[in-house]
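Asker: I am attaching a structure below and will ask some questions about it afterwards.
The values are calculated or read from the model by the stated rules, or taken from the named source; none is laboratory data. Everything quoted here is computed from the prediction, not taken from an experiment. Here the Cβ positions follow ideal geometry from the backbone for every residue, glycine too, while neighbour counts run over all protein chains shown. When the accessible area is computed, the model is the full protein with side chains, heavy atoms only, and any ligands, DNA or RNA have been set aside. Shrake-Rupley method; radii C 1.70, N 1.55, O 1.52, S 1.80 Å.
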Amino acid sequence: MTATTATPQGKVLLEMKDIGKSFPGVKALQGVSLSVREGEVLALLGENGAGKSTLIKILSGAYTKDEGEIFFEGQPVTIRSPQDAQDLGISTIYQEPNLAKDLTVAENIFLGRLPAKGLLVDWETVRKKSREILDRLGATIRVNAIVSTLSVAEQQLVEISKSLNRKTRILIMDEPSAVLGESDLERLHQVVRSLQAEGIGIIYISHRMREIFELADEVTVLKDGRFVGTRRVADVTMDELVRLIIGRGLEDVFPRREVVPGEVLLEVKNLRRARLVHDVSFQLRAGEILGFAGITGSGRTEVVRAIFGADAHGGEMRISGKPYRASSPTEAIRRGIALVNEDRKAHGLFLKLDVTVNTTIAALKGLCRAGFIQRAKEKALVQKLIQDLRIKTPGASSIVLNMSGGNQQKVIISRWLAIDTRILIMDEPTRGIDVGSKSEIYQIMNELTKRGVGIIMISSELPEVLGMSDRILVMREGTIVGELSRADASEEAIMKRAVGGDLAQGAAARA
């Protein structure tokens, strides 16, 4: 894949030269440089731990640099605090919006900058100007709406509006698309393009490679805290970009699948949920990865939640030929079914607890004797799983919140390997994970199938579906509309079934 964007010829707004930063015992950044022009989208890429977050924190004023220089519009500047960054016109939007959830949209947009009318707040101006900013972004959100009632995508628009109210010149967007569906993703891209048209320079961090080729003009790659290089997106292929990031090609990211599927582990007949799922039937075999493809709202997640006993449903299911009534997640786990949720932070992890608790929470019954946890046995189990899954952590007592997305996902997988899991359901298994960590997750999945585990994988990334699935079921409007073998599957074939009719060509172009 090659890009068609052209690098903007506007003046250079921001330049960072030979930036260095050290922490006790760690050289986090060394000799890192980048530049951003007016109206340019610069993608900042690298694996977790490459130094992206440290660099962004220096630019946003959370950290101070130890080495190097920063220039803004050609003049040397010193950024010692977030206020210094804001005064220069540098704003940062993180994956999880940093908003006052109990205040209105307008109050958030003007937070800390409320205009006065005599001794009182000029609320008329607040609401009017908030509406003007939202209109610039094409947002129809009510200015009096309470932020907690908004979707994640709408909250992101409020964050962007807040930054525009500060007269932002450089906007840093850190994984803004990680938790968005297709429709919200397209809205985000439209907003980015409108900001470009206004001359705002954008630093865009994302692990979605396709997104980089759609949005970015240039890409700067970091690895192990060092500058690898900057390329025009129009002049680089996806394979070349992957090699810059992880040191190997795209063909090596997905493991070679040589497992021959065994017995039928799970049989689903006429599964249904009111208005969401209609007469879904399929089989999953031992050692097989069964991929589910389809656009957001097609019913994929609703199907696996029913299988896991999380939602009421109708239909029949069997596990290894024996009737299975998915009455609750507890019953599903007892029968050897595990679910890795699409939102690991909200529904999968105890973020403020350590690796040990997150790993053994489902295995406590087997670790207890006379009502007490056998700590030595627990410690040995956790250490083995950390080693087997190559979880990067200082130790089993480390807090999960402080880990990278890829390592957090490995912790969830380790939880289900700590018990006798035979059917592993993975909903968006690599969402928000860098390409190197994705490869490691794929290797883990491959090893599990060699042990006879059957995997159901839902993914919105078509290369992932094609690269990992032995069979692919395509869903649309709550039902299965097609089954493709590994040999017959292609992006075009999947999208043709996922969207139906003449919409397929346009949908494939947007995918």
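Asker: Give the percent of DSSP beta bridges with both residues in segment 364-511 that are antiparallel, rounded to the nearest 5.
Answerer: Values: 8 of 13 bridges.
Within segment 364-511, antiparallel bridges account for around 60 percent of the total.
Asker: Another question, if that's okay. Taking every pair of alpha-carbon atoms in the chain, give the share separated by more than 35 Å as a whole percent. Mind dumping the intermediate values first?
Answerer: Working: 51625 of 130305 pairs.
Tail of P(r) above 35 Å: 40 percent of Cα pairs.
Asker: What are the ³J(HN,Hα) values, in whole Hz, obtained from phi via the Karplus relation 6.51 cos²θ - 1.76 cosθ + 1.60 with θ = phi - 60°, for each residue of segment 350-355 in sequence order, with x given for Gly and Pro?
Answerer: So the J values, rounded to whole Hz, are 9, 4, 8, 9, 8, 4.
Asker: Compute the distance in nm between two label points, each set 7 Å from the Cα along the Cα-to-Cβ direction, one at Asp18 and one at Arg248.
Answerer: In this crude label model, Asp18 to Arg248 measures out at 3.5 nm.
Asker: List the residues of segment 120-163 whose backbone N lies under 13 Å from a point placed 7 Å from the Cα of Glu198 along the Cα-to-Cβ direction.
Answerer: From segment 120-163, the list is 129-139, 157-163.
Asker: Quick check: convex hull of the Cα atoms in segment 1-129, volume per residue, rounded to a whole Å³?
Answerer: Values: hull volume 25.5 nm³, N = 129.
It comes to 197 Å³ per residue, whole-number rounded.
Asker: Between Arg451 and Asp84, what is the FRET efficiency for a Förster distance of 51 Å, r being their Cβ-Cβ separation, to the nearest 0.05? Don't skip to the end; give the middle numbers.
Answerer: Working: r = 54 Å, r/R0 = 1.06.
Efficiency for this residue pair is about 0.40.
Asker: I've got another one for you. I need two numbers for segment 297-450: Rg to one decimal and Dmax as a whole number, Cα atoms only, in Å.
Answerer: When restricted to Cα atoms, segment 297-450 yields Rg and Dmax of 15.8, 47 Å.
Asker: When DSSP assigns beta bridges and you keep just the ones with both residues in the chain, what percent turn out antiparallel, to the nearest 5? Walk me through the intermediate numbers first.
Answerer: Working: 47 of 81 bridges.
Of those bridges, close to 60 percent are antiparallel.
Asker: Give me the one-decimal nm value for the distance between modelled label points at Ala380 and His347, 7 Å along each residue's Cα-to-Cβ direction.
Answerer: Spacing of the two 7 Å Cα→Cβ label points: 3.6 nm.
Asker: How large is the helix-only mean residue ellipticity at 222 nm for the chain, computed as the sum of -39500 (n - 2.57) over DSSP H runs with n ≥ 4, divided by its residue count, in deg cm²/dmol to the nearest 500? Spell out each step's value before the answer.
Answerer: Details: 19 runs with 174 residues, N = 511.
After summing the helix terms and dividing by the residues of the chain, the value is -9500 deg cm²/dmol.
Asker: Take the Cα atoms of segment 269-358, build their convex hull, and give its volume per residue in Å³.
Answerer: On the way: hull volume 11.4 nm³, N = 90.
Dividing the Cα hull volume of segment 269-358 by its residues yields 126 Å³.
Asker: Sticking with this structure for a sec: Taking N as the number of residues in segment 374-511, what value does Rg over Cα atoms divided by 2.2 N^0.38 Å take?
Answerer: Working: Rg = 17.8 Å, N = 138, 2.2 N^0.38 = 14.3 Å.
Ratio of Rg to 2.2 N^0.38 Å for segment 374-511: 1.24.
Asker: Do any of Lys65/Lys101; Lys345/Lys410; Lys223/Lys450; Lys410/Lys450 go past 21 Å between their Cα atoms, and which? Numbers along the way, then the final one.
Answerer: On the way: Lys65/Lys101 32 Å; Lys345/Lys410 13 Å; Lys223/Lys450 32 Å; Lys410/Lys450 18 Å.
From Lys65/Lys101; Lys345/Lys410; Lys223/Lys450; Lys410/Lys450, over 21 Å: Lys65/Lys101; Lys223/Lys450.
Asker: Across segment 313-326, in residue order, what do the Karplus-derived ³J(HN,Hα) couplings come to in whole Hz, using 6.51 cos²θ - 1.76 cosθ + 1.60 with θ = phi - 60° and x for Gly and Pro?
Answerer: 6, x, x, 10, 9, 9, 10, 6, x, 9, x, 10, 9, 7
Asker: On each of the three principal axes of the Cα atoms of segment 102-150, give max minus min coordinate, whole Å, ordered largest first.
Answerer: 32, 24, 15
Asker: So, one more: How far is it, in nm, from the label point at Leu111 to the one at Leu364 when both lie 7 Å from their Cα along the line to the Cβ?
Answerer: Each label point lies 7 Å from its Cα, and together they span 3.5 nm.
Asker: Could you sort the peptides 188-196, 343-351, 45-53, 101-109 by per-residue average Cβ neighbour count (10 Å cutoff), highest mean leading?
Answerer: Working: 188-196: 17.8, 343-351: 16.1, 45-53: 23.0, 101-109: 20.0.
Ranked from most to least packed, the peptides come out as 45-53, 101-109, 188-196, 343-351.
Asker: Carbon and sulfur atoms: what percent of the 1.4 Å accessible area of segment 152-237 do they account for? Could you put the intermediate results ahead of the total?
Answerer: On the way: 1290 of 2780 Å².
Summing carbon and sulfur atoms, their accessible area is 46 percent of the total for segment 152-237.
Asker: If a paramagnetic tag sat 7 Å from the Cα of Glu96 along the Cα-Cβ line, which residues of segment 433-449 would have the backbone N under 17 Å from that point?
Answerer: 433
Asker: Just to confirm the number: angle between the C-alpha axis of helix 435-450 and the first principal axis of the chain, 0 to 90 degrees, nearest 10?
Answerer: Between the helix axis and the principal axis of the chain, the angle is about 0 degrees.
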